[in-house]
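For reference, the structure discussed in these notes is given below.
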Amino acid sequence: MKFDGIIFDWAGTTVDYGCFAPVKAFIEAFEAFGITPTLEEVRKPMGMLKIDHVRTMLSMERISRLWAEKHKRAWTEADVQKVYELSESRILKIVEQYSDPKPYVTEIVAALREMGLKIGSTTGYNDAMMALVVPAAKAAGYSPDCWFSPDSTGQKGRPYPYMVFRNMEALGLSCVSRVMKVGDTVADIKEGKNAGLVSVGIIEGSSVMGLTKEEYEALSPAEKGAQDQRVTEVYKEAGADFVISDIRGILELVK
């Protein structure tokens, strides 16, 4: 299949190995309201518009119950806004520190451009967060041709496909079947499929994997295999067309 463009996610896909900036911010925000979420609870909605992420977490059975016990009432949309605003402030404080490109990103993106492909991007971050991430990533060697956040689509983030379509419009791409979406969360895969794109999940350094580079490399071959299979199954269940170990796998797909 011939491709004309690749649309990447940011944290966990092209920068921030393991997608830790949002995780840290969400944990701190919920803890400020007396609830300590598990890593699984934090990561399950990853990739969504951040306020949708908070609302999804508050809707989880355990967190909803703990909120009622702690605050003597059920959570409300006002609570969603308060937790979101705190998480946003925490992300803005740290996100620039989590903008280094993941291994092989700069080389593979350069190779894709040499092949004539356009490079776009969608994100769960908002424009204020991206104002910090984009320059830091560019200084480190990674810069897509364009990017769009949910601020550009009426706050309809993933799994809505609208950020993908804004990318295609900006890049002059006319056929969804000739565009690939690459991400590291269930929301990424669903965004791509809802847009009619070939959707690809990345294993290493992903939010679904949830490990630092050091933690992943310290695993035994058998442990790595088990973790890789777990992540692969998550992507496949979400509808992924392909699953690759790292960004280098894209070259094989486009060739």
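Just one residue in the set Ile202, Ile189 is in contact (Cβ under 8 Å) with a residue 60 or more places away in the chain, of a type outside the set (D, E, K, R) and crowded, with 20+ Cβ neighbours inside 10 Å; that residue is Ile202. Here Trp75 does not qualify as farther than 27 Å from Glu191 by Cα, over 24 Å from the mean Cα position of the chain (by Cα), of a type in the set (Phe, Trp, Tyr) and not in a loop (DSSP other than H, G, I, E, B). Do you know which of the residues in the range 125-146 that are touching a residue at least 40 places away in the same chain (Cβ under 8 Å) and either touching a strand residue (DSSP E or B) at 6+ places or on another chain (Cβ under 8 Å) or in a strand (DSSP E or B) (or both) is surrounded by the most Cβ atoms within 10 Å (Cβ to Cβ)? Going through the qualifying residues, I end up with Tyr125. What is the number of the single condition among (1) in a helix (DSSP H, G or I); (2) of a type in the set (Lys, Arg); (3) over 25 Å from Lys2 (Cβ atoms) that Lys190 does not meet? Every listed condition holds for Lys190 apart from (3).
Scanning the range 220-242 for residues that are open to solvent by less than 40 Å² (accessible area, probe 1.4 Å) and not in a helix (DSSP H, G or I) gives Gly239, Ala240. For the range 46-68, indicate whether the set of residues that are in a loop (DSSP other than H, G, I, E, B), basic (Lys, Arg), in contact with a Gly (Cβ under 9 Å, 6 or more places away or on another chain) and in contact (Cβ under 8 Å) with a residue 40 or more places away in the chain is non-empty. No: the range 46-68 contains no residue that is in a loop (DSSP other than H, G, I, E, B), basic (Lys, Arg), in contact with a Gly (Cβ under 9 Å, 6 or more places away or on another chain) and in contact (Cβ under 8 Å) with a residue 40 or more places away in the chain.
The values are calculated or read from the model by the stated rules, or taken from the named source; none is laboratory data. All figures in this text were calculated on a predicted structure; none of them were measured in a lab. Neighbour counts are summed over all protein chains in view; Cβ atoms, including those assigned to glycine, are modelled from backbone coordinates with ideal geometry. Just the protein is used for accessible areas: all its heavy atoms, side chains included, with ligands, DNA and RNA removed. Shrake-Rupley method; radii C 1.70, N 1.55, O 1.52, S 1.80 Å.
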